[in-house]
1. Karplus couplings for the range 194-201 from phi (6.51 cos²θ - 1.76 cosθ + 1.60, θ = phi - 60°), rounded to Hz, Gly and Pro as x?
2. Applying the Karplus parametrisation 6.51 cos²θ - 1.76 cosθ + 1.60 with θ = phi - 60° to the phi angles of the range 146-153, what ³J(HN,Hα) value in whole Hz is obtained for each residue in order, glycine and proline being reported as x?
3. As I understand it, the value is the acute angle between the Cα axis of helix 43-56 and the longest principal axis of the Cα atoms of the chain; what does it come to in degrees, rounded to 10?
4. Can you give me the Cα centroid spacing of the range 221-265 and the range 88-138 in angstrom?
5. Please list, ordered by chain and number, the residues whose modelled amide H lies under 5 Å from the amide H of GLY169; skip anything fewer than 5 residues away on the same chain.
6. Evaluated at 10 °C with a viscosity of 1.306 mPa s, what Stokes-Einstein diffusion coefficient in µm²/s does the range 18-123 have when Rh comes from the Kirkwood expression over alpha-carbon pairs?
7. Quick query: amide H of VAL223 versus all other amide H atoms, modeled in the peptide plane; which residues come in under 5 Å with a sequence gap of 5 or more or a different chain?
8. Over the range 237-312, what relative contact order in percent results from Cα pairs under 8 Å that are six or more residues apart?
Amino acid sequence: MAIAEPPSPAGPDGAEHGAGPPLRLRRGALIEALGALAASADLDGLRARLAVLRANVTPGGALWAAPADEAVVFPEGLLLAELDQIGAALTLERARYYVGRLSRAAKGERTAAINEIDLNRWKAYDDILTDSLWLIERRDSSGAHSAEYWGNFVPQIPNQLLRRYTRKGDWVIDPFVGSGTTLIEGQRLGRNVLGVELQPSVVERARALVAGEPNRHGAICHVVAGDSAETDFRALLAEQGAASAQLALLHPPYHDIIRFSDDPRDLSNAASVESFLEGLGRVVANVAAALDRGRYLALVIGDKYSRGEWVPLGFQSMQVVQSQGFLLKSIVVKDINGTAGKRNQKELWRYRALAGGFYVFRHEYVFLFKKR
Ligand SMILES: C[S@@+](CC[C@H](N)C(=O)[O-])C[C@H]1O[C@@H](n2cnc3c(N)ncnc32)[C@H](O)[C@@H]1O
């Protein structure tokens, strides 16, 4: 599935999505009307009742809730699409199935333990990706987000992962903070984030960016300077009053593709792929020690090209995480068209590819693991 746009401003926290203004309806009356619909003896009778119901859900209609009423709120587009689907059903049985689904959505939420996606309204989350190919045409540059830090990821990556794998108030560990993209998204979505970044000047910049973003949910986004290969994340969480984390989101250097600093502890300065993987393994172990069982670790990384050979750094890194007992849940391939790294070198790389018999990188990976 492709997403051309960042999540709409109307629903940045994933609470409700769908076209049109919200319809605020009397919950009990709606459930009753849906019950009557399901009790119809035949399809014609059901469609006749549906026409009345449809008229009654419009603003000012008989089902419209007064301020004191117990209300259920639907995005207009979502509710009307559901009613259309009921009306288009070819059998009474199918129509009743759709009525039942809408009735459950009217009655209340059904969420998994690890996120806030209401499965009774799963159709409302059409901007949440579920395919393994992510084509993100345009970087979200809203608010504090900026592409200025060379090697930062598009905010849609943490946005998707935070909404799939966390609930408000959960703690997320980001051991490679960079410009703080995960923290900015976490703050927007009401997720607490503990970040570690090697370079103190980069830490300062990330803190400033996060401070420039409204904190509507009172999230704690805490960044410290340090080497994640030597960090006790559990102790850092304890300082913030948290016992453990519910998601880890790792976006390490892609070995030496971009050198982030001169610091020998910087994974982008690892002398070889083997020592990069060894360092990454230590970060994974530190993060894993603070992550709850049954929760997710996401690793965002790409491959590299060296001395005429494609180095499958992504899969090698994936194996580092698997070797620590994590269950591999998904391999997502994400396009990297137009990211800052290759913007000026595109033509040169195309020439090199034609001359050298290889293909230019257009993708990176988002590996999803579950802690057993
Ligand atoms: C690919 S960038 C992360 C970008 C980040 N996701 C963002 O959107 O800005 C990797 C970051 O890891 C940092 N880094 C490298 N080695 C590290 C280590 N051992 N401990 C902590 N941070 C490290 C680098 O300084 C760099 O900022």
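1. Running phi through 6.51 cos²θ - 1.76 cosθ + 1.60 with θ = phi - 60° gives 9, x, 10, 9, 5, 8, x, 5 Hz.
2. The phi angles translate into 8, 8, 5, 7, 5, x, 7, 9 Hz.
3. Approximately 80 degrees, to the nearest ten.
4. Between the Cα centre of the range 221-265 and that of the range 88-138, the gap is 36 Å.
5. Answer set, sorted by chain and number: ARG191, ASN192.
6. D, rounded to a whole number, is 113 µm²/s.
7. Correct list: GLY195.
8. 37 percent
Just so you know, all these numbers are worked out from the coordinates, no wet-lab data involved. In this text the structure is predicted, and so the values were computed from the model without any measurement. Don't worry about glycine lacking a Cβ; one is built from the backbone with ideal geometry, like all the others, and counts go over all protein chains shown.
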